[in-house]
Amino acid sequence: MQWEAVIGLELHAQLATRTKIFSGASTAYGADANTQACAIDLGMPGVLPVLNERAVRFAIRLGLALDAEVAGRSVFARKNYFYPDLPKGYQISQYEIPVVGTGHLDIDLDDGTSKRIGVTRAHLEEDAGKSLHEGFGAMSGIDLNRAGTPLLEIVSEPDLRSAKEAVAYMKKMHSLVRYLRICDGNMQEGSFRCDANVSVRPLGQDEFGTRTEIKNLNSFRFVERAINYEIERQIELIQDGGSVTQETRLYDPDRGETRAMRGKEEANDYRYFPDPDLLPLEITADLINEVRAELPELPDVRRARFVADYGLPNYDAGVLTASRELADFFEAVAAGCDDAKLAANWVMGDFAGALNRDSLDLATSPVDAEALSGLLRRILDDTISGKIAKEVFEAMWQGEGDADTIISDRGLTQVTDASEIEALVDAAIAGNPQQLEQYRAGKTKLMGFFVGQVMKASGGKANPQQVNEILRRRLDG
Amino acid sequence: MHDRTIAELAAGLSRGDFSSVELTRSVLAAIDQAGDLNAFITVTPEQALVEAEAADARRARGDAGPLTGVPIAHKDIFCTEGVRTSCGSHMLDTFVPPYDAFVVERLRAAGAVMVGKTNMDEFAMGSSNETSWYGPVRNPWDSTAVPGGSSGGSAAAVAARLVPGATGTDTGGSIRQPAALTGICGLKPTYGRVSRYGMVAFASSLDQAGPMATDARDLALMLSAMAGFDPRDSTCVERGVPDYAAALGQQDLAGLRIGLPREYFSAEGVDPGVTRAIEEAVEVFRAAGAEIRDISLPNTELAVPVYYVIAPAEASSNLSRFDGVRYGHRCSDPVDLEDLYKRSRGEGFGEEVKRRIMVGTYALSAGYYDAYYLKAQRVRRMIRDDFARALEEVDVIAAPTAPSTAFALGSKADDPVQMYLSDIFTIAVNLAGLPALSLPAGFSGGRPVGLQLIGHYFDEARLLGAAHGYQQHTDWHSRRPGAEG
């Protein structure tokens, strides 16, 4: 039987606000335990939550970017359960009425087509603290620095049909939240995490199968592996005559498998009710317009513009708009050298390769957009060849200065003086009579051999186009 | 020296008849002698004298306000930086907050001197002050009777003239009912008038802090200091604070439209002596030119059941933070997390608190939420609408504060429903979020009777003016226990 997987993702994006969602404590990562938890984060008696306006603005940004309804009125509820890292004994989260309603996100499929994935909702909530299980003997330590950090939980429709699609969707959303500057996207620090709902059904069947939820996946690779494992597990289970139990599972990356959480941990009745300490959140049309005005050009729009205005292939435009920083960088290089295709080739080629090789990013790159466009200008004005440019780029990367300095210091200026090149050509022909004879006998492929000889003799500096022309004249003439 | 009103004491201080230090010593000595009342959980003599000295210095600089140097007490539900805040519970017996409640900040800024923290029903859950872990408070009028609750300690301390004023909180009547039972005045302001910041939460949508004192003028003086916007409480309303004391004289009883809700006068189980006293009080208003009207609040009988769904539901969530993990009572040698929770909470909370946590948890549970919590919220809106309609026709609603006078200690302690019914006349006001005050209006069987006045939203000035007008025609508010009955 042919099976089809049905997948929906719940993505948790930690909002990049300076302070927490309901208190003035800092959200900076990595501080000493409990140094960034104030009386409100600690759930002290009598203290009250006050909503962070910036977190609301960030939620609106995402809502607009997903072409979703932004609710004029949304409600914070209390999700009640006991856990040591949950100081109040409840989490404040939007439940029945979220701030962001139905929207969508388009993803690219391998076959070059795109697919629209529905977004059910996105809601604001506070994060919990962390339990520390090492270094406290038989006890556990509690670090409440993370308690009260603002999260936006983005829930997709069950529109994804493979682990690959799920990862494409997650990557696209990851790119979008960073584009909007509402989340730093740092997955190692837990700023962007995923819960995956997975079920399978015979291909062609309309009803959904029973789903399981895999919690807390914090890398794209784990999402792909966990979903694939889970799909296989469910299919095998059903084929062996069993049935899937609706449950919460955890992914063990060491074993590469998912495991059911203990029943007790999910037997909670959360007793949601509207938080009486917070009034309903009212968002005016004015505020929405204000946030709309501060939105950057969205990635899909920018990608289309790159194709239309710069004549880039759709794929290249997609790569270049995957992050706002890269797109900005590319546009700066393209403007600086006035040749978008050359800029695109270099940014995606040598430049991206060097970043990758040295584990750097745009912020830490030794070559900035201005420097790179300076190099490309020298290619375009024939000062150097593309080949020499690679050598200059490497020297720039090593910090030897800008392109012009390196070209001049190393004497790499291209030889374009025709008489000089003619001399080199004549010497090459004279030195290789045997090849000349073969060429004239019809083995015209040897053209490349002669070009190589001339370039070699020039130290790579001879203008390749001129070399070609002069050689052809001499050999064929 | 100290057993006078706030206004009189402030005048004495300003004339230089006595200093705040002398006054505070006198209050501390009186508290010391009245230990049998059990009105205080914590007395803070050293801190009080430091504050009194500062108040005297401030007065010497010519910088004194109407409360500067006047000793007051805070209900032990308000967090006080550096001073244990128990909320009447074993759970918080060792809890010393690192911050002040807004109300505490404001009264301190006005120059009031805090002499201690008053006894209360545990987590403000009770109507007799018998659920306090620190033992019951006795009614100064009769030591075998309760003072009412939950602000029983504040009420008894003011009634016994230990302090001229004290703070209280009112979730279902916890200021007004003890004020009535001890023959003093107490005001529950409009929900949102006074910040709840730093006030240990019982039922967040109902809790409101207010003043307790012997007359309307003192309530006005205290409320002017306590009210105001606080960005730390999202339910606090940003709205100007009138000078309530200055507004007192501008009120005229002539032409004041007073509504008498017939449901409050026909309720079963009301002490006839209470009804008689209230009817006599109404005649005083009528004689002074007020227009008395018959009105109806048709959903009155639903208030108690609605309250006992909503308040416990909110409480069950609010009290989850007392888990033995970060502060408060923690059981000894927990074997695991569940044991830590069960025993810390089992040992830390008293019976009534546990009962309400269980009721509230049940009301919010899957499958019951719609039938209980949601339905209660709908009925709550109906009750609010009843008041809105009634207040279109009248300026003030008058009713008994409580169905009986102070009852005997222990007489209702084993019957929660009977205890809950002592709040039948006060609870609806909290559900509607309206302001209301209770003022002494005579006696029945030698025990004080309280008259309740309910007003429009943010119309505290009119309520205080009406009470003040009444007190110009009567002297019930100056009767004190021990002197006569």
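The values are calculated or read from the model by the stated rules, or taken from the named source; none is laboratory data. As the structure is a prediction and not an experimental result, all values here were calculated from the model. Here the Cβ is made from the backbone with ideal geometry for all residues, glycine too, and neighbour counts use every protein chain on show. Each accessible area value is taken on the protein alone, full model and side chains, heavy atoms only, with ligands, DNA and RNA left out. Shrake-Rupley method; radii C 1.70, N 1.55, O 1.52, S 1.80 Å.
If you scan region A:72-84, which residues turn out to be part of a loop (DSSP other than H, G, I, E, B) and at the interface with another protein chain (Cβ under 9 Å from one of its Cβ atoms)?
A:Tyr81, A:Phe82, A:Tyr83, A:Pro84
Quick check on region A:250-271: of everything there that is modelled with pLDDT of 90 or more and over 26 Å from the mean Cα position of the chain (by Cα), which residue is surrounded by the fewest Cβ atoms within 10 Å (Cβ to Cβ)?
Checked region A:250-271; the qualifying residue surrounded by the fewest Cβ atoms within 10 Å (Cβ to Cβ) is A:Arg255.
Give region A:40-55 a look and list any residue that's touching a residue at least 12 places away in the same chain (Cβ under 8 Å) and either within 11 Å of another protein chain (Cβ to nearest Cβ) or buried (at least 22 other Cβ atoms within 10 Å of the Cβ) (or both), or say none.
Correct list: A:Ile40, A:Asp41, A:Leu42, A:Gly43, A:Leu48, A:Pro49, A:Val50, A:Leu51, A:Asn52, A:Ala55.
For (1) free of Cβ contacts under 8 Å to residues at least 12 places away in the same chain; (2) in contact with an Asp or Glu (Cβ under 8 Å, 6 or more places away or on another chain); (3) not in a helix (DSSP H, G or I), each residue gets a yes or a no:
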| site | (1), (2), (3) |
| --- | --- |
| A:Ser175 | no, no, no |
| A:Asp184 | no, no, yes |
| A:Gly190 | no, no, yes |
| A:Asp195 | no, yes, yes |
| A:Asp206 | yes, no, yes |
| A:Gly209 | no, no, yes |
| A:Ile214 | no, yes, yes |
| A:Tyr229 | no, yes, no |
| A:Glu232 | yes, no, no |
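Is there a residue being open to solvent by 10 Å² or more (accessible area, probe 1.4 Å) and closer than 19 Å to B:Gly455 by Cβ anywhere in region B:147-169?
The answer is no; no qualifying residue exists.
Which condition from (1) away from chain B (no Cβ under 14 Å); (2) modelled with pLDDT of 95 or more; (3) assigned to a loop (DSSP other than H, G, I, E, B) is the one that A:Gln246 breaks?
Of (1) away from chain B (no Cβ under 14 Å); (2) modelled with pLDDT of 95 or more; (3) assigned to a loop (DSSP other than H, G, I, E, B), only one is false for A:Gln246: (2).
Just one of A:Gly101, A:Gly141 is modelled with pLDDT under 95, over 18 Å from the mean Cα position of the chain (by Cα) and either open to solvent by less than 40 Å² (accessible area, probe 1.4 Å) or not aromatic (Phe, Trp, Tyr) (or both); which is it?
Numbers: A:Gly101 fails: modelled with pLDDT under 95.
Being modelled with pLDDT under 95, over 18 Å from the mean Cα position of the chain (by Cα) and either open to solvent by less than 40 Å² (accessible area, probe 1.4 Å) or not aromatic (Phe, Trp, Tyr) (or both) holds for just one of A:Gly101, A:Gly141, which is A:Gly141.
Scanning region B:412-430 for residues that are free of Cβ contacts under 8 Å to residues at least 60 places away in the same chain and in a loop (DSSP other than H, G, I, E, B), which turns out nearest to B:Gly192 (Cα to Cα)?
Among those residues, the one meeting the criterion is B:Asp415.
Out of the residues in region B:355-372 meeting the condition of being surrounded by 16 or more Cβ atoms within 10 Å (Cβ to Cβ) and of a type outside the set (Ser, Thr, Tyr), tell me which one is nearest to the other protein chains (Cβ to nearest Cβ).
That would be B:Leu364.
For region A:69-97, name all the residues that are within 26 Å of the chain's Cα centre (by Cα) and buried (at least 22 other Cβ atoms within 10 Å of the Cβ).
Within region A:69-97, just A:Val70 meets the criteria.
Please specify each residue of region B:256-266 satisfying the condition of being touching a residue at least 60 places away in the same chain (Cβ under 8 Å) and either open to solvent by 30 Å² or more (accessible area, probe 1.4 Å) or assigned to a helix (DSSP H, G or I) (or both).
Restricting attention to region B:256-266, the residues satisfying the condition of being touching a residue at least 60 places away in the same chain (Cβ under 8 Å) are B:256-261, B:264-265.
Scanning region B:256-266 gives B:Arg257, B:Leu260, B:Tyr264, B:Phe265.
Search region B:316-336 for residues being more than 7 Å from chain A (Cβ to nearest Cβ) and open to solvent by 30 Å² or more (accessible area, probe 1.4 Å), and hand back the single one that is farthest from A:His133 (Cα to Cα).
The extreme case among them is B:His329.
Out of all the residues in region B:373-384, which are open to solvent by 90 Å² or more (accessible area, probe 1.4 Å) and either within 22 Å of A:Asn80 (Cβ to Cβ) or over 25 Å from the mean Cα position of the chain (by Cα) (or both)?
B:Lys375, B:Arg378
A:Phe82 versus (1) over 28 Å from A:Glu294 (Cα atoms); (2) in contact with an Asp or Glu (Cβ under 9 Å, 6 or more places away or on another chain); (3) touching a residue at least 24 places away in the same chain (Cβ under 8 Å): which is the lone unmet condition?
The single condition A:Phe82 does not satisfy is (3).
Checking the conditions here, which among A:Ala33, A:Ala37, A:Ala68 is of a type in the set (Gly, Ala, Ser), assigned to a loop (DSSP other than H, G, I, E, B), more than 14 Å from chain B (Cβ to nearest Cβ) and touching a residue at least 12 places away in the same chain (Cβ under 8 Å)?
When all the criteria are applied, what remains is A:Ala68.
Return the pairs, sorted by first residue and then second, in which the second residue is among the hydroxyl-bearing types (Ser, Thr, Tyr) and open to solvent by 60 Å² or more (accessible area, probe 1.4 Å), the first residue lies in region A:267-292 and is within 10 Å of chain B (Cβ to nearest Cβ) and under 23 Å from B:Ser320 (Cβ atoms), the beta carbons are less than 6 Å apart, and the residues are 6+ apart or on different chains.
Listed by first residue and then by second, the contacts come to A:Tyr272/A:Tyr95.
For (1) crowded, with 24+ Cβ neighbours inside 10 Å; (2) among the β-branched types (Val, Ile, Thr); (3) within 17 Å of the chain's Cα centre (by Cα); (4) closer than 24 Å to B:Ala11 by Cβ, each residue gets a yes or a no:
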| residue | (1), (2), (3), (4) |
| --- | --- |
| B:Ala64 | no, no, no, yes |
| B:Phe78 | yes, no, yes, no |
| B:Ala101 | yes, no, yes, no |
| B:Ala110 | no, no, no, yes |
| B:Ser127 | yes, no, yes, no |
| B:Gly135 | no, no, no, no |
| B:Asp142 | no, no, no, no |
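What strands (runs of 3 or more DSSP E) lie completely within region A:93-169 and have 1 or more residues being free of Cβ contacts under 8 Å to residues at least 40 places away in the same chain?
Working: elements: A:103-108, A:114-126, A:130-132, A:141-143, A:150-156.
Strands (runs of 3 or more DSSP E) meeting the threshold: A:103-108, A:114-126.
Yes/no matrix, rows are residues, columns are (1) under 15 Å from B:Ala303 (Cβ atoms); (2) away from chain A (no Cβ under 14 Å); (3) of a type in the set (Ser, Thr, Tyr):
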| position | (1), (2), (3) |
| --- | --- |
| B:Ala376 | yes, no, no |
| B:Phe387 | yes, yes, no |
| B:Asp395 | no, yes, no |
| B:Phe407 | no, yes, no |
| B:Asp415 | no, yes, no |
| B:Ala428 | yes, yes, no |
| B:Gly433 | yes, no, no |
| B:Ser438 | no, yes, yes |
| B:Arg462 | no, yes, no |
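Tally up the residues in region B:175-197 that are within 14 Å of chain A (Cβ to nearest Cβ) and out of contact with any Phe, Trp or Tyr (no Cβ under 6 Å at 6 or more places or on another chain), please.
Count: 4.
Please note which helices (runs of 4 or more DSSP H) are completely contained in region B:173-255 and include at least 2 residues that are open to solvent by less than 20 Å² (accessible area, probe 1.4 Å) and modelled with pLDDT under 95. Reasoning before the result, please.
Values: elements: B:176-182, B:216-226, B:244-248.
In region B:173-255, B:244-248 are the helices (runs of 4 or more DSSP H) which contain 2 or more residues that are open to solvent by less than 20 Å² (accessible area, probe 1.4 Å) and modelled with pLDDT under 95.
How about region A:1-21: which of its residues are surrounded by fewer than 24 Cβ atoms within 10 Å (Cβ to Cβ) and part of a loop (DSSP other than H, G, I, E, B)?
The answer is A:Met1, A:Gln2, A:Ala16, A:Thr17, A:Arg18.
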